[in-house]
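Notes follow the structure.
What follows draws every value from the coordinates through simple rules; no lab data is involved. Remember, predicted model here, so these are calculated numbers, not experimental data. Methodologically, a virtual Cβ is constructed for each residue, glycine included, from the backbone with ideal geometry; neighbour enumeration extends over all protein chains shown.
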Amino acid sequence: MSQHLKSNVIPPSRQREMPRAGLTWIGQSMKRVEDPRILSGKGGYIDDVAVPGMAHAAMVSSPHAHARIVSIDTSKAKALPGVIGVYTGDDMATVVDPCPSFASPPITQHPMSIGKVRHVGEVVAAVVAEDRYIAEDAAELVEVEWEILPANVDIEASAAATGDALLHPEDRESNVALDESFSFGDVDQHFADAHTVVKRRLRWQRSSAQAIETCGVVAQFDPFKGGYTIHSNSNFYNFIPFVIGGSLRVSPGELRIIPVLTGGSFGSKVFNHKIIILTAGLARLAGVPVKYIEDRLEHFTNSDSHGSDRLYDAELAVAEDGTFTSLRFTVMDDYGAYLQFGVGTHGNAMAQVTGPYQIQSFGMRVIAVLTNKTQQGPYRGFGSEVTNWVMERMADAAAEEMGRDPVALREQNMIQPDQFPYMIPTGNIYDSGNFQKVLAEAKSMFDFDGWRDKAKAMRAEGRCVGVGLATCMERSVYGPTEWWSLNNKETPGFTLTSTPEGITVRLDPSGKMFVTLNSPMVGNSPETVVAQILAERLTIAPEDIVFNYSDSQSGFNGVGPQGSRFTAMIAGACVSAAIKLEERLKRFGAHMLQRRPEDVELRNGTVAVKGLNDQEKPFGEIALTSSFFRLSFPDGEEFDSGLETTAVYDHPLSTDPAEDRSHLGIFYPIVGHICHIVAVEVDPGTGKVEILDYAAVHDNGTMVNPRTLAGQVWGGTANGIGTTLSEQFIYDADGQFTNPNFAEFAMPTANEMPRNFKLGHVETPSPFTEYGIKGGGEGGRLGAPSALSSAIEDALSDHGVKITSLPVTPPILRGLIRDAEQGATA
Amino acid sequence: MTKVSIEVNVNGRTRHATVPPRMLLSDFIRHELSLPGTHVGCEHGVCGSCNVVVDGRAVRSCLMFAVQAEGAEITTVEGLAQGDDLHPIQQAFWEEHGLQCGFCTPGMLATAQELLAQNPDPSDDEIREAISGNLCRCTGYEFIISAIRSAAAKLRERESETTLQPV
Ligand code: FES
Ligand code: FES
């Protein structure tokens, strides 16, 4: 182990339930508990919420990328019948303060602009009216006078901008919000000793999650009755009161956030704090409950969830025999107009930046640049999808420069099965894995060698067919140090270190088990997962469990589904709750059976005497007796009525970053592995890519529900295909966002998906989580772009086209082919 | 704005209402009739999550005014289940894991109803083609295709059971 990692000691495992064969419910493709109500139209999404007296809001949005607001005239809008109020940023500032910012020092963002706008779509005024139609009519009557300022669109130009082109002259004298350098291990030495240094300039352009449901809020304010009551489709409802209480000028306890079923997130609804503050402020100003649901255009232009937009200058140091020794890069990231989560997306990427390879050191300079675009937020992968692609592009580049087979070179550098837990140069660990097995499985499933020969033969006939393979990491179960570990050491900001997940379990006198969750359903399967784990641990039937969601006042700790954490974390909470409940069940049950607690066990939903088949008490009877017949039990508080328990599970394995940032600590250690292989054909005349064959093998440790995991892999792969081949946010030179709609931002339809997708799983359990479960919510998007880029490059190898920028939409790819052809003839 | 009286049959029940002529059918169904199962994803006719079945055809309710539905027979997702039983298409979506967040699902179900009424035994490519106007951001479509395939088989079976019944 490198000297710089010596102080980063791996804590002992807190695993209580060992991974094992012969489980009853864990590992079954059980139908989802959530589905019947959703399928029948009774899910209850944010726009389904209605409260008495509710009014509706519509926004007046900026048509300009960068402009001063000279004046706003709301008189005509206010005069429209049905309008309750029209409010500007100055009005809003009388009831709310700026949005919270994880950037340190922060960058000021008002939920409604004051003084100037910094991107197209930024809200400058809002109408509250009796219905949405009237509100939108009135919004069109608001007149704004603008003074146009220079728009920053290009990442490198914006970094050098001055004067009127500065986005936040009051906070920063430059559009560079952060510029930090890190060195983990002997980077300089490794590069000095390298036989070959492979260099590439790589570009990853912005897109976003675009869940089919947009963000929305229903907010009420009552100064005499507890403050704000807010319905929101945020992923994070038990945490945000603490983040936004300050902005709303109330204590977190005066904010009741009620969750709803959420129509997809993929990161885009992680916080949703701006829309909550905005709508809550309107409710307070208007004195009525207010509903605001973004329309699609507003979701594209103002929802603060654009994905990474990065320019890398990357270098890989390679020894003569092909060993990768060090990786370093400078990365500029176009964060848009604000920096809500600091450079958390780069912190995230530090979890697995060196991929599945034994790379000894890593260095980075990260430059966060502000431009006049909608600001970034999370999107499936949260920055690691980009570094996976960078690492895999560099591995392919190294193979090419050294005349090596790309797969053999990868295998040579891979971490071996006996090296786990493996600490990478940044200090994060990979808990377990068998990358070789995943690769072998994927190759055989795909008939990799056969396909390579076939593709070669097809190329010889003049067709552009190629095969690409990627071996990538899928970190899961995030620790929050990723949000701040790359901040300047002097101003690290809010150095949060907790990500707990809680659960309440109550055995009702009727024998039903009532479970309260503290994180919402966003398309994952929180109820199904909990049903399977509690059924397993307590020997009950999943259909005897009934689910509820807390709100932020009635609830307990919960951090929500993100960073592929929920399944592993809630499994921990379920085990903790089950241990406590088992103890109580045995105490009451043993008394009813006139035995000692140590002589009984849980068996098929009963407390039963060990070794005997006919002496048992069903849980229902125990719950009934303990709830209604107190005098049947001895005195003493251990026999207090009822069977209920609340439990919390903290992150299973994390350490602090080193004071001097020589390493970042362990923060994302439950790590899966994926191998994607794809065959494509490119039409050189149009630049269109057709997927001919696709195989993906994922190792997410012990699988709780193979079918729902497969659904995650499929869905993530569809996102990755879109990211690679069709999805691109196009801004013109004036900062106009030219394609913010579903017609021109081309997300894959069923027609764009591979016809014969083959999916395999390898199970290498985690030694740190309950039952060995790892998260698996992001893998598809973490692997598909790399495999596809490789395949397209292979398909166009005779044309000499290199894939160094994504996406490669047909016009972009056609342009690359044309440039290569012209280069060849010139 | 002058309101217009309309009469539509929704899920087997006749509904009378007075609506502004510009009210979208999607808003009418969701907010006036309190049937929130029909979802609105884009309001510009691309995503298909607002699809409902109008006179046997799956249509975008965000691209129609409520007044245009005068006299029509409409089925929304709420009209699919019979009593305590999910409709075979809903059942198939459940069994095959054809939904994750469920936001696109009512629209997919409407499209599937139209397809299977016209083509009781569609090939995978025909299913793919039929749902290519419905965006789903969660599933990657594969299990939606399996669900519709399985729904087709269920409906064919139900059909043959009913036709075989002694008169
Ligand atoms: S909401 Fe009607 S097509 Fe998208
Ligand atoms: S299931 Fe979420 S959009 Fe289709």
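Quantify how much of the Cα-Cα distance distribution of the stretch A:703-805 extends past 17 Å, in percent. All intermediate terms of the calculation are to be shown ahead of the outcome.
Working: 3425 of 5253 pairs.
Cα-Cα pairs in the stretch A:703-805 separated by more than 17 Å: 65 percent.
Can you give the convex hull volume per residue for the Cα atoms of the stretch B:4-79, as a whole number of Å³?
Working: hull volume 5.5 nm³, N = 76.
With only Cα atoms used, the stretch B:4-79 gives 72 Å³ per residue.
Given charges of +1 on the Cβ of Lys and Arg and -1 on the Cβ of Asp and Glu, with all other atoms neutral, how large is the dipole of the stretch B:4-79 about its Cα centre, in debye to the nearest 20? Each step should come with its number before you reach the end.
Numbers: 6 positive and 8 negative charges, 17 e Å.
It works out to roughly 80 debye.
Projected onto the charge dipole of the stretch A:588-647 (+1 at Lys/Arg Cβ, -1 at Asp/Glu Cβ, origin at the Cα centre), which of A:LEU612, A:ALA590, A:LEU624 gives the Cα projection farthest towards the positive end?
Positive-most Cα among the choices belongs to A:LEU612.
Over the stretch A:477-625, what is the percentage of antiparallel beta bridges among all DSSP beta bridges, to the nearest 5?
Of all bridge pairs located within the stretch A:477-625, approximately 70 percent are antiparallel.
Select from the stretch A:601-691 those chymotrypsin sites (Phe, Trp or Tyr not before Pro) which occupy a DSSP coil region and have at most 15 other Cβ atoms within 10 Å, ordered by residue number.
A:PHE629
State the dimensionless ratio Rg/Rh of the stretch A:30-143 (Rg: radius of gyration of Cα atoms; Rh: Kirkwood radius).
Ratio of gyration radius to Kirkwood radius for the stretch A:30-143: 1.11.
What's the center-to-center distance, using Cα atoms, between the stretch A:238-267 and the stretch A:476-507 in Å?
17
What residues qualify as long-range amide H neighbours of A:ALA55, i.e. H under 5 Å apart, gap of 5 or more or another chain, H built at 1.01 Å from N?
Residues meeting the criterion, in which the H sits 1.01 Å from N, are A:VAL290, A:LYS291.
How long are the three semi-axes of the equivalent ellipsoid for the stretch A:250-356, computed from the Cα gyration tensor as the root of 5 times each eigenvalue, in whole Å, largest first?
42, 15, 13
Roughly what angle does helix B:105-118 make with the longest principal axis of chain B, taking Cα atoms, 0 to 90 degrees, to the nearest 10?
Helix B:105-118 sits roughly 70 degrees off the main axis of chain B.
For chain A, what ratio Rg/Rh do Cα atoms give with a Kirkwood hydrodynamic radius?
0.99
Among B:GLY37, B:HIS16, B:LEU99, which residue has its Cα positioned farthest towards the positive end of the charge dipole of the stretch B:1-154, with +1 placed on the Cβ of Lys and Arg, -1 on the Cβ of Asp and Glu, and the dipole taken about the Cα centre?
Farthest along the dipole direction, towards plus: B:HIS16.
Taking the alpha-carbon centroid of each part, what is the distance from the stretch A:1-23 to the stretch A:516-542 in angstrom?
Cα centroid to Cα centroid, the span is 25 Å.
Where the Cα atoms of the stretch B:54-104 are projected onto their three principal axes, how long is each span, largest first, in whole Å?
Extents along the principal axes, in whole Å: 37, 24, 15.
Ratio of the stretch A:336-472's C-alpha Rg to 2.2 N^0.38 Å, to two decimals? Intermediate results must be reported in sequence, preceding the final value.
Details: Rg = 18.2 Å, N = 137, 2.2 N^0.38 = 14.3 Å.
Against the empirical 2.2 N^0.38 Å value, I get 1.27 for the stretch A:336-472.
Just want the answer: with Cβ charges of +1 for Lys and Arg and -1 for Asp and Glu, which residue in A:TRP146, A:SER113, A:LEU5 is farthest toward the dipole's positive end in the stretch A:3-162?
It is A:LEU5.
Give me a comma-separated list of calculated 3J(HN,Hα) values for the stretch A:30-36, in order, Karplus coefficients 6.51, -1.76, 1.60 applied at θ = phi - 60°, integers in Hz, x for any Gly or Pro.
5, 4, 6, 5, 6, 6, x
I need the phi-derived Karplus couplings for the stretch A:564-574: 6.51 cos²θ - 1.76 cosθ + 1.60, θ = phi - 60°, integer Hz, Gly and Pro marked x.
Per-residue couplings from phi come out as 6, 9, 5, 4, 5, 6, 5, 4, x, 5, 4 Hz.
Where the only charges are on Cβ atoms (+1 Lys, Arg; -1 Asp, Glu), what is the dipole of the stretch A:498-571 about its Cα centre, to the nearest 20 debye?
Charge dipole of the stretch A:498-571: 140 debye, to the nearest 20.
With +1 on the Cβ of every Lys and Arg and -1 on the Cβ of every Asp and Glu, and nothing else charged, how large is the dipole of the stretch B:88-163 about its Cα centre, in debye rounded to the nearest 20?
Charge dipole of the stretch B:88-163: 240 debye, to the nearest 20.
In this model, which of A:LYS512/A:LYS617; A:LYS78/A:LYS116; A:LYS443/A:LYS774; A:LYS269/A:LYS291; A:LYS512/A:LYS580 are farther than 20 Å apart at the alpha-carbon?
A:LYS78/A:LYS116; A:LYS443/A:LYS774
Please list, in order along the stretch A:142-147, the HN-Hα scalar couplings obtained from phi with the Karplus expression 6.51 cos²θ - 1.76 cosθ + 1.60 (θ = phi - 60°), rounded to whole Hz, x for Gly and Pro.
With the stated coefficients, the stretch A:142-147 comes to 6, 10, 10, 9, 10, 10 Hz.
What fraction of the Cα pairs in the stretch B:1-145, stated in percent, has a spacing above 25 angstrom?
Considering the stretch B:1-145, 26 percent of its Cα-Cα pairs are separated by more than 25 Å.
Beyond 20 Å, how much of the Cα-Cα pair distribution for the stretch B:88-163 remains, as a whole percent?
20
Add +1 for every Lys or Arg and -1 for every Asp or Glu among the other residues with Cβ under 15 Å from the Cβ of B:GLY41, and state the total.
On the way: positive: A:LYS269, A:ARG296, B:ARG30, B:ARG60, B:ARG137; negative: A:ASP47, A:ASP48, A:GLU213, A:GLU294, A:ASP295, A:GLU298, B:ASP27, B:GLU43.
Result for the local shell: -3.
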